[in-house]
Amino acid sequence: DGTGVLGRIRDALTRKGLNAGAYSIDTNSISLIGEPGVTPTPVIISNSGATQFNEAPSSASMNDEISLINGETLTESGVFADWYSDVLLKSLGNNQLLVETLEGMETATEFPTSHLGRQLEMVAKMINSRGARGTDADLFFLSTGGWDTHSQVIMAQNTLFAGVDASFKAFADEMKAMNVWDSVTLIETSDFARTLTPNGNEGSDHAWGGNYIMMGGSVVGGQIVGKYPDAIKEGSPLNIGRGRIIPTSSWESVFLPIAEWAGVDASEFDYICP
């Protein structure tokens, strides 16, 4: 239906009267999109912060004139023109708020300069700005690539896992320094896993069942949740070939507990995970 699981969680929180924000770092993601008319469109923000709208106006009063023109509703105004003006003015207001709240903001923790590290640093700054933005909760989406390891899988994963580990540690340290770690949950997901047997390039190919990682101050960590297959060799019940393992834990088993932890009512569970 064009919505994503995080967007539907946001819808449910909004219906409870909470102000929940949705921000995607560097890219658009359907996971944050909710039901039209329930929650606003998610905001895409750079890992370096918000860019000031019209940084070099052609006249000193240009921004005021844009607001004036789009703020007027005349008898001949059309519904689409009014809608466009309303969206434009809200977007400009949100842009200015982000620019002002993020300007000069620093973290207590030094983050890695990798793409993932910079994204998580921006998430930390956004969490720190929640008071100025007036939000009760925020949902964020970020991503990191390089995992399609059809060749040299061991070498690639050693580098990739080291980067994830350093970035996650910096984020956790920053949340603890901000004294909000118990109110934050980070979940890592992937759209597919890798084959357990190698290909001819010392790599692995696309597979099915994989692993998620979840961390946060309220997460009961240090454990593997789910059932490891009793057998993974060729011909075993869950192996459909080359170590492509059929999942034994549902997708809902990961996201519904997060929704419940965030305060979503059980009556919304079927909506969130239809």
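Tabulated results
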read-out	value
Candidate set: the stretch 110-136, residues that are open to solvent by less than 30 Å² (accessible area, probe 1.4 Å) and assigned to a loop (DSSP other than H, G, I, E, B); chosen: the one farthest from Pro40 (Cα to Cα)	Phe111
Filter result for Val225 (in contact (Cβ under 8 Å) with a residue 24 or more places away in the chain, closer than 30 Å to Glu174 by Cα, assigned to a loop (DSSP other than H, G, I, E, B) and not acidic (Asp, Glu))	yes
Any hit, the stretch 59-66, residues being open to solvent by less than 90 Å² (accessible area, probe 1.4 Å), touching a strand residue (DSSP E or B) at 6+ places or on another chain (Cβ under 7 Å), of a type in the set (A, V, I, L, M) and not in a loop (DSSP other than H, G, I, E, B)	no
Filter pass, Gly216 being within 17 Å of the chain's Cα centre (by Cα) and either open to solvent by less than 80 Å² (accessible area, probe 1.4 Å) or not polar (S, T, N, Q) (or both)	yes
Members of the stretch 148-171 found to be assigned to a loop (DSSP other than H, G, I, E, B) and open to solvent by less than 60 Å² (accessible area, probe 1.4 Å), listed by number	Thr149
Answer from Val99, Val87 - the residue that is open to solvent by less than 30 Å² (accessible area, probe 1.4 Å), in a helix (DSSP H, G or I) and either within 23 Å of Ser129 (Cβ to Cβ) or modelled with pLDDT under 90 (or both)	Val99
Exclusive hit being in contact (Cβ under 8 Å) with a residue 24 or more places away in the chain and either out of contact with any strand residue (DSSP E or B) (no Cβ under 9 Å at 6 or more places or on another chain) or open to solvent by 40 Å² or more (accessible area, probe 1.4 Å) (or both), set Asn211, Asn201	Asn201
Top-ranked residue of the stretch 1-48 - restricted to ones that are over 28 Å from Ser114 (Cα atoms), in a loop (DSSP other than H, G, I, E, B) and charged (D, E, K, R), ranked as least open to solvent (accessible area, probe 1.4 Å)	Glu35
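The values are calculated or read from the model by the stated rules, or taken from the named source; none is laboratory data. What you see is a predicted model, and the numbers here were worked out from it, not measured in a lab. Virtual Cβ from ideal backbone geometry, glycine too; neighbours counted across all protein chains shown. What goes into the accessible areas is simple: the full protein's heavy atoms, side chains included, and nothing from ligands, DNA or RNA. Shrake-Rupley method; radii C 1.70, N 1.55, O 1.52, S 1.80 Å.
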